[in-house]
Amino acid sequence: MICFNQFKDRSKTRLQKSAPTLKSQSKFNVSESERATSSCSATPPRRITEIYEEKAQNLRVFTFAELKQATNNFNRLLKIGEGGFGCVYKGTINPPEGKAGDPMIVAIKKLSKDGCQGHKQWVAEVQILGVVDHPNLVKLIGYCAVDAERGIQRLLVFEYMPKKSLDEHIFNRAGSTLSWERRLQIILGAAEGLAYLHEELEIQVIYRDFKSSNILLDGEFKAKLSDFGLAREGPTAGHTHVSTAVVGTYGYAAPDYIETGHLTSKSDVWSFGVVVYEMLTGRRSLERELPKPEQKLLEWVKQNPADSRRFSMIIDPRLENDYPLSAARKVAKLADSCLVRSGKERPKMSKVVEALKDIIAEAAACVESPPVKYLEDAEDSPAPAEQMAPSIKRRFTHLAKISENLDGVNTRRFMMMQRAKVT
Ligand SMILES: Nc1ncnc2c1ncn2[C@@H]1O[C@H](COP(=O)(O)OP(=O)(O)OP(=O)(O)O)[C@@H](O)[C@H]1O
Ligand SMILES: [Mg+2]
């Protein structure tokens, strides 16, 4: 996916000679005109740099030698990914000197000399991850910044996410498929991470690069947002937006932001809607290999809206129809509300979280909405048990049990009733 980062003056950025205090270089240093001035408030709201200084001691400062050792000299065999920032390696770090504890597996991001992202983003990432603390945001353990004779080195050390990123699961046809339930949990976790950034911090943070490759998954497939290089402080009281250069990733950025450069938290809400459709369909927001009418995901899904009979055609075939249709429709409608043209009309992320929780709770509380595959089988007679996928078989048995209790109503009729409810 192409980034359209516009840090043309990267070469002009003056680099520090030692581990950074991260004070004067922040992209969070927005101009005064962008910020609210509060004449009546005795204590003006704090800036991210101030909050960072208070919490900076929580981050560990690594030497380059330590990280070289941790990755066996940045061994290619330990490389686990590569993005605009540079390469990502799996490594093992020892506890800080003088402290007891086991070695820890980490992910180490090394800023590449010719990466399209730069030092400025590295600083932003350290600052923002240095002050946030939420189960759905990746944990930054520490950093390394050295300006040696043989060049500068900028590295970030993160908690290691064994299941890598969401995109590798939903777009990689070769790997195992994420179940419907897991997809919903992941999208809920990502929504909670965004809601925290937008609504629960002392300052508002706009993430600006919400996309499936930036949603990492831990061992239990819990979602954690990563990559805060483009994040920036939101508008302060009395201001509706922050004016910025347009940066982000094509296919995910909100049209109003691209057109005006006016950034608000609702720009992230749009990107969230895009990722929800990626998760529903198993397709990337832009897929150049597909026939023209299907290349742009949002245009394609519009042809098969949530209320239409054709809707199930867009759902990821890798789910093998093992998902509840009514819940899928609700999720798509929620995504549609995030994808309205006017930013103001899009819901706040806390509302999105609430709605997702309701959809998940409803699905868990009743068998109101059987999987699509099951409904199709009901058209004729139920498929023989040996032809059913195990999860479908489980739900079939469950439904059959319920239907046994319906006096004089056979399984087929029960299934038809269920169908009437969901269409
Ligand atoms: N903490 C981590 N634990 C495990 N794997 C990681 C971690 N951070 C990144 N990765 C892996 O490295 C890959 C590259 O990540 P990176 O964020 O550098 O690039 P990207 O998201 O693919 O692209 P972009 O530069 O546009 O953000 C990820 O897709 C993921 O597979
Ligand atoms: Mg990334």
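The values are calculated or read from the model by the stated rules, or taken from the named source; none is laboratory data. Just so it is clear, the structure is predicted and the values come from calculations on it, not from any experiment. As a convention, Cβ positions derive from the backbone with ideal geometry for all residues, glycine included, and neighbour counts pool all protein chains shown.
Report yes if Tyr143 is closer than 27 Å to Lys211 by Cβ, buried (at least 19 other Cβ atoms within 10 Å of the Cβ) and away from ligand 1 (no atom under 13 Å from the Cβ), otherwise no.
yes
Here are Glu320, Glu287: which of them is free of Cβ contacts under 8 Å to residues at least 40 places away in the same chain and out of contact with any strand residue (DSSP E or B) (no Cβ under 7 Å at 6 or more places or on another chain)?
Step by step, each of Glu320, Glu287 is checked, and only Glu287 is free of Cβ contacts under 8 Å to residues at least 40 places away in the same chain and out of contact with any strand residue (DSSP E or B) (no Cβ under 7 Å at 6 or more places or on another chain).
Of Gly251, Gly219, Gly229, which residue is assigned to a loop (DSSP other than H, G, I, E, B), at pLDDT 85 or above and in contact with a strand residue (DSSP E or B) (Cβ under 7 Å, 6 or more places away or on another chain)?
When all the criteria are applied, what remains is Gly251.
When the residues of the range 219-230 are narrowed to those that are within 12 Å of ligand 1 (Cβ to nearest atom) and within 19 Å of Val353 (Cβ to Cβ), which ends up surrounded by the most Cβ atoms within 10 Å (Cβ to Cβ)?
Leu225
Only one residue in Phe210, Phe158 is assigned to a loop (DSSP other than H, G, I, E, B) and of a type outside the set (Gly, Ala, Ser). Which one? Even if it seems obvious, please write down each step before you answer.
Working: Phe158 fails: assigned to a loop (DSSP other than H, G, I, E, B).
Of Phe210, Phe158, the one residue that is assigned to a loop (DSSP other than H, G, I, E, B) and of a type outside the set (Gly, Ala, Ser) is Phe210.
So, of the residues in the range 90-100 that are more than 9 Å from ligand 1 (Cβ to nearest atom) and at pLDDT 95 or above, which turns out to be nearest to Asn214 (Cα to Cα)?
Pass one, the range 90-100, residues more than 9 Å from ligand 1 (Cβ to nearest atom): 91-100.
If we keep only those that are at pLDDT 95 or above too, we end up with 91-93.
Working: Gly91: 20, Thr92: 22, Ile93: 23 Å.
In this case the residue turns out to be Gly91.
Take Ser165 and tell me if it is hydroxyl-bearing (Ser, Thr, Tyr) and surrounded by fewer than 19 Cβ atoms within 10 Å (Cβ to Cβ).
Against the criterion (hydroxyl-bearing (Ser, Thr, Tyr) and surrounded by fewer than 19 Cβ atoms within 10 Å (Cβ to Cβ)), Ser165 does not qualify.
I'd like the full set of residues that are touching a Cys at 6+ places or on another chain (Cβ under 8 Å) and touching a residue at least 12 places away in the same chain (Cβ under 8 Å), limited to the range 78-129.
Passing the criteria: Gly81, Gly84, Lys109, Lys110, Ser112, Cys116, Gln117.
Would you point out the residue of the range 128-142, among those that are under 16 Å from Ile108 (Cα atoms) and assigned to a strand (DSSP E or B), that is nearest to ligand 2 (Cβ to nearest atom)?
Leu140
So, of the residues in the range 283-309 that are assigned to a loop (DSSP other than H, G, I, E, B) and of a type in the set (A, V, I, L, M, F, W, C), which turns out to be surrounded by the fewest Cβ atoms within 10 Å (Cβ to Cβ)?
That would be Leu290.
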